[in-house]
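See below for the structure under consideration.
The values are calculated or read from the model by the stated rules, or taken from the named source; none is laboratory data. Here the structure is a predicted model, which is why all the values come from computation and not from measurement. Note that each Cβ is placed from the backbone with ideal geometry, even for glycine, and that neighbours are counted across all protein chains shown. In case anyone asks, the SASA skips ligands and DNA or RNA and just uses the protein heavy atoms, side chains included. Shrake-Rupley method; radii C 1.70, N 1.55, O 1.52, S 1.80 Å.
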Amino acid sequence: MTGINFNMAAKTISVEEALSKIKSGDSIVSALAAAEASGILSQLHTIAPKVKDVRVATCLPMGNYPYYMDPAMEGHFYHDAWFFTPPVRKSHDESGISSYVPNHLHRAGLDRLIFAPPTVFVGSCTPPDKHGYVSISLSATYEREMMNAADLVILEINEKTPLTFGDTTVHVDEVDYFINNTHDVHAIGIPPINDRDLKIGNFIADYIEDGCCLQLGIGGIPNAVTAALLHKRNLSIHTEMFTDGMVDLYNAGCISSQSSFYGKHFHRQQLTGKMVCAFALGTQKLYDFLDGNPGVAIMRGCWVNNPYTIGNNKKMMSINTSLEVDLTGQICSESIGPKQFSGTGGQADTAIGAQMSEGGKSFIALYSTADIKQPDGTRKTISKITPSLTLGAAVTLHRSNVDYVVTEYGAVRLKGAPISERVKRLISIAHPDFRAWLEEEAGRIGLLKSR
Ligand code: COA
């Protein structure tokens, strides 16, 4: 390294040396998703013979690491998951290791300080610059709070990780140890857009005027929404997750927050001139876009996703996806019955925040039906709009906080509407094959009594 010597050599250790510092009873917090420390996490199981009761908190883990996938790790490790992914679901079902932590994402790290304050933080970063700063790159969702609280901070230097700005800038003095671990950054595939996605995207696009500020959630549909917005102008971004679709919007000239500080169009009142997010996850195209891009600010999730912060933007449009909606407007986006599927994430944060914004709206989008696998291997089509939520389903967004619900059959507004009217509106956007059944069930369970 040139310039001032930050004594990196003395701080640089091997994965084995890092693992030797972990002890029984530790509370490890891992950086989120593509920012995770894959060198340490992939080898954590090797210290099982000498540790017990080590808790590891993660959000959207990218690797199928043995410390939580191998049932023999129970008692040595407990995996506290802020968001379930397919391997975490498998770990939960097949071992006693993984358990979901109910959370609103903007509080996840802060609430960890109450349950199990971190003793060790592990994440990844860029190589240090000449001033001694690294970038923790793809997430500031809870990382800074956890680094501040932990006794031991270990970062893996990945030369391929994008250099990002905002709350991701960390001085090497804040880090106890570095490990060199260069590898391709974890990427996720983008599902192809189908006809249902396009219809939903177009229904939502009708409500989004030029000059709106966008939040787009996780899942297939939000990606289609960006495709339907490519003709809009002067949009800005204040989102939990930065996605490939947002890069497409930027490249199509839809985003003005880069240049609108003195312009007449901007509706952002905070960090104007930046696209704001708490983390980024997508393909290499997204990571190339973010690398060295001062137009994107990756800021602390406790600020980005705080509904009050979101509500301070004007014309804030929040677009999220769901698994099941009942006829009163209760939204389940994270479980299939009692089985945890994903997580609350920032769905409630952003939906509530958008409705606090002047001119803001929240959209919950879902297909009208799902083809679900039966125990005998056959598939059955069910309505995702249901008379009641499936027994055990988690309410991700309370019915009092629901604004628009959108399917491929239309968009209806529930905000302020009584249950009898909600029933009518939701049935109008259900799949036609299920409308008579929904009407009958609504009557049977007494949802139409006020008519
Ligand atoms: N009952 C049973 N199964 C259902 C179902 C229902 N009501 N609805 C969907 N499914 C099944 C689907 O058939 C699919 O199964 P498959 O994988 O076998 O095909 C699976 O559940 C996933 O459904 P899909 O619609 O493809 O999900 P998605 O990838 O688009 O993600 C959510 C949708 C809701 C899971 C995702 O958006 C989420 O986790 N949201 C909560 C967090 C959030 O919104 N955060 C916002 C800020 S980023």
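Summary table below
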item: Entirely in segment 338-398, the strands (runs of 3 or more DSSP E) that have 1 or more residues that are within 12 Å of the ligand (Cβ to nearest atom) and within 21 Å of Thr309 (Cβ to Cβ); result: 361-365
item: Residue within segment 306-313 that is crowded, with 22+ Cβ neighbours inside 10 Å and in a strand (DSSP E or B) present; result: no
item: Residue match in segment 72-89 (condition: on the phi < 0 side of the Ramachandran plot, in contact with a Phe, Trp or Tyr (Cβ under 6 Å, 6 or more places away or on another chain) and of a type in the set (Ser, Thr, Tyr)); result: no
item: Complete set of residues in segment 386-407 that are within 20 Å of the chain's Cα centre (by Cα), open to solvent by 20 Å² or more (accessible area, probe 1.4 Å) and of a type in the set (S, T, N, Q); result: Asn401
item: Condition broken by Glu156, with the remaining ones in (1) open to solvent by 10 Å² or more (accessible area, probe 1.4 Å); (2) in the same structural domain as Asn7 (by TED's automatic domain parsing); (3) over 21 Å from Trp303 (Cβ atoms) satisfied; result: (1)
item: Scope segment 275-305; condition part of a loop (DSSP other than H, G, I, E, B) and not small (Gly, Ala, Ser); matching residues; result: Leu281, Thr283, Asp291, Asn293, Pro294, Met299, Arg300, Asn305
item: Total residues in segment 107-136, condition free of Cβ contacts under 8 Å to residues at least 60 places away in the same chain, assigned to a strand (DSSP E or B) and among the hydroxyl-bearing types (Ser, Thr, Tyr); result: 2
item: Some residue of segment 349-362 being over 12 Å from Leu389 (Cβ atoms), surrounded by fewer than 23 Cβ atoms within 10 Å (Cβ to Cβ) and within 15 Å of the chain's Cα centre (by Cα); result: no
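Residue-by-condition table, conditions (1) touching a helix residue (DSSP H, G or I) at 6+ places or on another chain (Cβ under 8 Å); (2) on the phi > 0 side of the Ramachandran plot; (3) at pLDDT 95 or above:
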| site | (1), (2), (3) |
| --- | --- |
| His186 | yes, no, yes |
| Pro191 | yes, no, no |
| Ala205 | yes, no, yes |
| Cys212 | no, no, no |
| Gln215 | yes, no, yes |
| Ile218 | no, no, no |
| Ala227 | yes, no, no |
